[in-house]
Amino acid sequence: MAKDALTVTDERSGARYELAIERGAIRATDLKRIKPRDDEDGLLSYDPALANTAICKSAIGFVDGDRGILRYRGYPIEELAEKSSYLETAYLIVKGELPDEHHFAMWRHNITTHSMVHENIKKFMDGFRYDAHPMGMLVGTVGALSTFYPDAKHVLDLESRRLQTRRLIGKMPTLAAFAYRRSRGLPYVYPDNDLSYTGNFLSMLFNMTELRYKPDPVLERTVDVLFILHAEHEQNCSTNAVRCVASARTDPYSAVAAGIAALYGPLHGGANEEVIRMLEEIGTVDRIPEYLKGCKTGERRLMGFGHRLYRNYDPRARLIKKLAYEVFEVTGKNPLIDIAIELERQALDDEYFVARKLFPNLDYYSGLIYQALGLPMTMFPVLFAIARTAGWMAHWAELIRDPEQKIIRPRQIYVGEGPRAYTPIEGRPEPIMREDAVSRFI
Ligand code: ACO
């Protein structure tokens, strides 16, 4: 009868081992049993970039990259984007179920009552240089929140975790909008809690002299849907950064600051900014073939294309592409869309991209929408960070409650020098820097 086990033979010793298979995985620590002699180290698994290693069991997000499926807590992303709101989706992600009317009203109240930030935050916002990138400001200010809420270090306390989750989801749009206003030299706008979560964010970004800002309903809904689409994506780079820092039982503000720092990178959430720079650099459709040539020779990457998991069209990119046209009805067409569409068409028709199963990801079209809304490119990853806060907080809570989790501490394969004696500086030869040191050994 079939057994959920893997039998391996160690050819060095001839010994056979049986490793249990659970949910399609073996436990990497079981490999430790495999050793040629008792006094030697057991086998390690080598997995740079954790490309094929599950670091936890999670019930939050589900991705089937081959089939282009994404679900939050079991609900298809398409259905949430059509029917839900960001705040409701955030509840689902954090708490595991959709709220009824009563629980949603409480949740909304609990989030909006935490949208204000301490007045001192304005002071250190003011301390940033006039041209500071708002993601850098966000990393700094979110990290600094831990100094305002020392109670946040009680990470094992459920009530404390609930409070920090409300605070972070509530304050993130305020910090993001303050960073934007600072870079524009505009006065900060305080939260208006009678508006929706997204309407309030737009008000804090764009209100000039109106007593009450009235967001355009199409644009308000668009940003809300974009927030839903960016809210959670299982073990991506930034979520892994949050989990890694949080595994040391660090407070969640510091852990989320690490997540924002990871998201900032151009290979992750910073890609939406890079896509616009790329489209502007291409400039006209006739220059696309030349540009694609550079992507194929490794000179550059086609930004907004490719994904570690999706070997099919990213379902979020499909929804965002559709959303872009709805926004352009209100804002007027972003002329870069024509280049984006033709670039996508040519790439999807090209053997290089077909063979590697490279498709547009969620960053490919989102920047075009943000740009049409009048936001500068540097703000694009900031919007991503606001939305992803729900996912980060859910993963933080899941990690803390998981009895199997410990401080994250991977192993390495040491490939450096063997033991050598220290020589005083006067007698040392000129150092030879070997650039190929790693590849020399492996
Ligand atoms: N343009 C050109 N070639 C690419 C691209 C791209 N965008 N992405 C992957 N490739 C190629 C690689 O050169 C490699 O080719 P090879 O096998 O001949 O060496 C192959 O496809 C596999 O690529 P990897 O780098 O191994 O894929 P990985 O899973 O590590 O990277 C990543 C995923 C980082 C997203 C990558 O596709 C990329 O750099 N894309 C552009 C940046 C981007 O859009 N990032 C946003 C991702 S979505 C998000 O984080 C929110």
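Answer yes or no: is there a residue in the range 293-306 that is out of contact with any Lys or Arg (no Cβ under 7 Å at 6 or more places or on another chain), within 22 Å of Leu219 (Cα to Cα) and part of a helix (DSSP H, G or I). No.
Scan Ala176, Ala132 and give me the residue that is part of a loop (DSSP other than H, G, I, E, B) and among the hydrophobic types (A, V, I, L, M, F, W, C). Answer to the check: Ala132.
Among the residues of the range 346-366, those identified as within 9 Å of the ligand (Cβ to nearest atom) and among the charged types (D, E, K, R) are Arg356, Lys357, Asp363. Listed by position, the helices (runs of 4 or more DSSP H) enclosed by the range 235-290 that each have at least 2 residues that are buried (at least 21 other Cβ atoms within 10 Å of the Cβ) and modelled with pLDDT under 95 are 271-282.
Among the residues of the range 334-343, write down those that are away from the ligand (no atom under 12 Å from the Cβ) and under 23 Å from Lys293 (Cβ atoms). Quick ask: steps written out before the conclusion?
Going residue by residue through the range 334-343, those that are away from the ligand (no atom under 12 Å from the Cβ) are 334-342.
If the condition is that a residue be away from the ligand (no atom under 12 Å from the Cβ) and under 23 Å from Lys293 (Cβ atoms), then Leu336, Ile337, Asp338, Ile339, Ala340, Ile341, Glu342 are the ones that fit.
Of the residues making up the range 26-73, those that are closer than 23 Å to Gly14 by Cβ, of a type in the set (Asp, Glu) and out of contact with any Leu (no Cβ under 8 Å at 6 or more places or on another chain) are Asp38, Asp39, Glu40, Asp41.
I need every pair where a residue in the range 280-300 that is under 19 Å from Tyr352 (Cα atoms) has its Cβ under 7 Å from the Cβ of a residue that is more than 15 Å from the ligand (Cβ to nearest atom) and in a helix (DSSP H, G or I), sequence separation at least 6 or different chains. Within 7 Å, the pairs are Ile288/Glu342. Those helices (runs of 4 or more DSSP H) of the range 332-442 in which at least 3 residues are in the same structural domain as Leu229 (by TED's automatic domain parsing) and touching a Gly at 6+ places or on another chain (Cβ under 9 Å), considering only elements entirely within it, cover 336-348, 363-372, 380-401. Each residue in the range 91-113 was checked for being assigned to a helix (DSSP H, G or I) and of a type in the set (Gly, Ala, Ser), and 1 of them qualify.
The values are calculated or read from the model by the stated rules, or taken from the named source; none is laboratory data. Remember, predicted model here, so these are calculated numbers, not experimental data. All Cβ positions, glycine included, derive from the backbone under ideal geometry; neighbour counts span all protein chains shown.
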